[in-house]
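Chemist: The structure that follows is given in the form of structure tokens.
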Amino acid sequence: MTHLAKLLSLAAALPLGTSLLLFAAPERLRRGVPYVPLAAVFVGLALAILSLAYQLNHSVASPVGIQSISMHWLSPIIVSGEPHAATPSGVEPLQQLGRLSFGIATDSIAVIFFVLILLLGVAIHIFSMGYLHPQRAGPLLYSLLSMLGFSLLAAVISSNLLEMIILWGIGALCIYLICEIATPRDAARRLGSSHFFLMLLLAGLSAVAGCAMLALHGSFAMLDLFNQEGHKSLGISLMQLVQTPTPSGLLHYHTHHLFWGFDWLNCSGLLFVVAAAGLSAQFPFQFWPAESVDAPAPFNAILQGAMVSGSGAFLLARVYPVLTLDVRLVLAIIGCTSLVTGLLVALVQSDLKKVLCWTSLAMSGFTFLFFGVGDYSAALLYALINTVAFAGLFLCAGSALNSTRGERDLRRLGGLARRIPITAGLSLIIVMVLTGTIYLAGGLAVPPGVTALYDYASAMRHYGWLLFWLPVCAWILLSVVLWRWWWLIFGGQTRNPGAGDIAGDSAKLTLPLLVVATLAVFISHPVVEIKTILARSAPEGMIAPIPQDAGHSIGLAVLANVKWAFVLGPIAIISVYAGGLALADKIRRFPGVNLLYMWLYRGMFFRELAETIIAGGAALAARMTSFVDRLLLSWVLMIMALGFRGIGLMLATLDARVTGPMTDPACLSVGNRAPRVLATKKDWRRIVLVIMLTALILGALMLYAHMAGW
């Protein structure tokens, strides 16, 4: 095992050991419970930083930058990034074995996400110590929190798709249990009846179905992300399977269609897209993050950062070679739709957490959109920025809730910058990062992605231009949404009658905010070289070339001014809310605007639509099950009963014909009963009918098998 793999495996094992220790901890250790997982996360962070430094130093020398150890069942196969790595004798290549292989992957994406999870883990642990009530922050809660950290860390360094999906499922279950334990009882009932866990289950099943389709058309080796030499093997295995020498042939791959023009590779890619959309709450699964707003702020930060912003993007990055051009178009449409609808709904929300929920899933739409148009590095970089920024904004919301005794209505807040200035300043920095302020992370990340978006739209023409202009307009709308959120909480005059009881900044709450805000600003700085490493980790040849037309220079001129859209947000919000809520209420009451407001305020009725679909699907499944039970199974059982009866009658008749009539009266009668007649004319008619019906069914099955090519 290489040094990098040892460091990462040890850092991932620390939260697992902490979780088991806290789960079995006696009651007398309750006071020291928060410090045990915090120490484990600090040690893991130190090991992860060493791993990142190692990756940065060796990424230039090694073009692959991948080192891993795979456990091929119980036989270890050492895998390194060296060109002539020695392997144990007698071990066949993985593609020939066709078995499952689990192990550790240490490419650049895994190391960066690994360090990011631990940095956010340190901040959230410290914040939880000052935010959660001691009665709810018991050993079980911190045990689940440590188990969640282990599952996330192990998932990002997984070398197998199935392994990664299983670990994501464990993490989703931990988040659900944490929210149930830490949420007040009345709110927990509402959370327990939400669709949160159902959507994550749907995402997991879709991902497993995608893996199954790859394995059925190839082998279990198709699920391995890296081969024995440490190179990315998923794209190579797919090219070998479809017998194409170049990645472009894989992008344009078409074979016999299953439905609607999609073949098995497209269907597999669509299943992975559905899984990523469910994890990241993209269209049409946009309703479930808003149902978790009753959970404490630290766990909202985990949910929105780790699950909504990070998990879906990481899954798409791993399965990117599976996504053909048709699937990427669907991915771009999903991202664009989620982006626009999410920001429109967030614009009218009055709950400070719901605004962040809808905005975070909308910003994940940018990640899906950039993946769809082929800008791999911009999509991953924006996923990293969203993960950090929205985790920080939820922690800022928790600090504001802690100061106002839990007031979440934006209409009753305002003026908190005078009472909690540090929180207000740090949240303002994060808002400026997300809105693309010059010299901050957003301003550096977005123009490359939008440039690729313009190239993609110009190649599509006609309605393809919507994929460019809608995100550009949404970029301006994002500035309005986030500045409205910040101003209604921290700016203007105080609208809370209990403003005199507002508490000030707390050290345990502001220190994590400082860490997250600093990370959000410098995460894409050239000194860190994250963007360069992400671009190097892209699959070879997986980005399709986009031709440029004569209007390319005009589009670049438009893009040069997109980064200045952050100026429109504060100007519009201060103009509307400088005098309070009167002007906004007057605009909301305009004829037609009020109906649009109610439609957006109810989340475009996504939840009601989902409940209708789920209820209708359950009712349809119940009716189909009843139909099968009532008709098909009844007919099958009746035919089987008639068949067995006919066989019994034939054997009995044959026995009587061969042996002849019995002369013993005791055998012919029982008691005073008359002798039994073995077969009548009516029985023979039934026997003939059953034989003919059985022959007809067998003939139909044989004909169907012949036509199907079995």
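The values are calculated or read from the model by the stated rules, or taken from the named source; none is laboratory data. The model shown is predicted, which means the values in this text are computed figures rather than measured ones. With ideal geometry, Cβ positions are generated from the backbone for all residues, glycine too; neighbour counts draw on all protein chains shown.
Chemist: For the range 354-369, check the following and say yes or no: at least one residue is surrounded by fewer than 24 Cβ atoms within 10 Å (Cβ to Cβ), under 22 Å from residue 430 (Cβ atoms) and either in the same structural domain as residue 532 (by TED's automatic domain parsing) or among the aliphatic types (A, V, I, L, M) (or both).
Modeler: yes
Chemist: Tell me, please, whether a residue that is on the phi > 0 side of the Ramachandran plot and among the basic types (Lys, Arg) can be found in the range 313-330.
Modeler: For the range 313-330, residues on the phi > 0 side of the Ramachandran plot and among the basic types (Lys, Arg): absent.
Chemist: Which condition does residue 294 not pass, out of (1) closer than 30 Å to residue 141 by Cα; (2) within 17 Å of the chain's Cα centre (by Cα), if it passes all the others?
Modeler: Result: residue 294 passes all but (2).
Chemist: May I pose another question? Could you tell me whether residue 692 is in a helix (DSSP H, G or I), closer than 30 Å to residue 201 by Cβ and either at pLDDT 75 or above or in contact with a Ser or Thr (Cβ under 8 Å, 6 or more places away or on another chain) (or both)?
Modeler: no
Chemist: Same structure, new question: Which numbered condition in (1) over 22 Å from residue 271 (Cα atoms); (2) surrounded by fewer than 24 Cβ atoms within 10 Å (Cβ to Cβ); (3) aromatic (Phe, Trp, Tyr) is the only one that residue 320 fails?
Modeler: It is condition (1) that residue 320 fails.
Yes/no matrix, rows are residues, columns are (1) buried (at least 22 other Cβ atoms within 10 Å of the Cβ); (2) at pLDDT 85 or above; (3) more than 18 Å from residue 485 (Cβ to Cβ):
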| residue | (1), (2), (3) |
| --- | --- |
| 411 | no, yes, no |
| 421 | no, yes, no |
| 427 | yes, yes, no |
| 432 | yes, yes, no |
| 439 | no, no, yes |
| 444 | no, no, yes |
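Chemist: Could you check the range 293-340 and list, in sequence order, the residues that are within 25 Å of residue 211 (Cα to Cα) and either outside any helix (DSSP H, G or I) or among the acidic types (Asp, Glu) (or both)?
Modeler: Once the filter is applied, which keeps residues that are within 25 Å of residue 211 (Cα to Cα) and either outside any helix (DSSP H, G or I) or among the acidic types (Asp, Glu) (or both), the range 293-340 yields 319, 323, 324, 326.
Chemist: I've got another one for you. Being outside the structural domain of residue 124 (by TED's automatic domain parsing), in a helix (DSSP H, G or I) and buried (at least 24 other Cβ atoms within 10 Å of the Cβ) is true for just one of 401, 343. Which residue is that?
Modeler: The unique qualifying residue is 343.
Chemist: Additional query: Please tell me if residue 52 is of a type in the set (A, V, I, L, M, F, W, C) and either outside the structural domain of residue 139 (by TED's automatic domain parsing) or at pLDDT 65 or above (or both).
Modeler: Yes.
Chemist: Something else: Scan the range 566-586 and give yes if some residue there is out of contact with any Cys (no Cβ under 6 Å at 6 or more places or on another chain), charged (D, E, K, R) and assigned by TED's automatic domain parsing to the domain that holds residue 357, otherwise no.
Modeler: Yes, that holds for at least one residue.
Chemist: Determine the pairs where a residue that is not assigned by TED's automatic domain parsing to the domain that holds residue 450, located within the range 471-495, has a partner that is surrounded by 23 or more Cβ atoms within 10 Å (Cβ to Cβ) with Cβ atoms under 9 Å apart, the partner being 6 or more residues away or on another chain.
Modeler: From the range 471-495, no pairs qualify.
Chemist: Among the residues of the range 166-186, write down those that are over 20 Å from residue 14 (Cα atoms), part of a helix (DSSP H, G or I) and touching a residue at least 60 places away in the same chain (Cβ under 8 Å).
Modeler: 179, 182
Chemist: Okay, next question. Which of the residues spanning the range 404-418 are part of a loop (DSSP other than H, G, I, E, B) and of a type outside the set (D, E, K, R)?
Modeler: The answer is 404, 406, 413, 414, 415.
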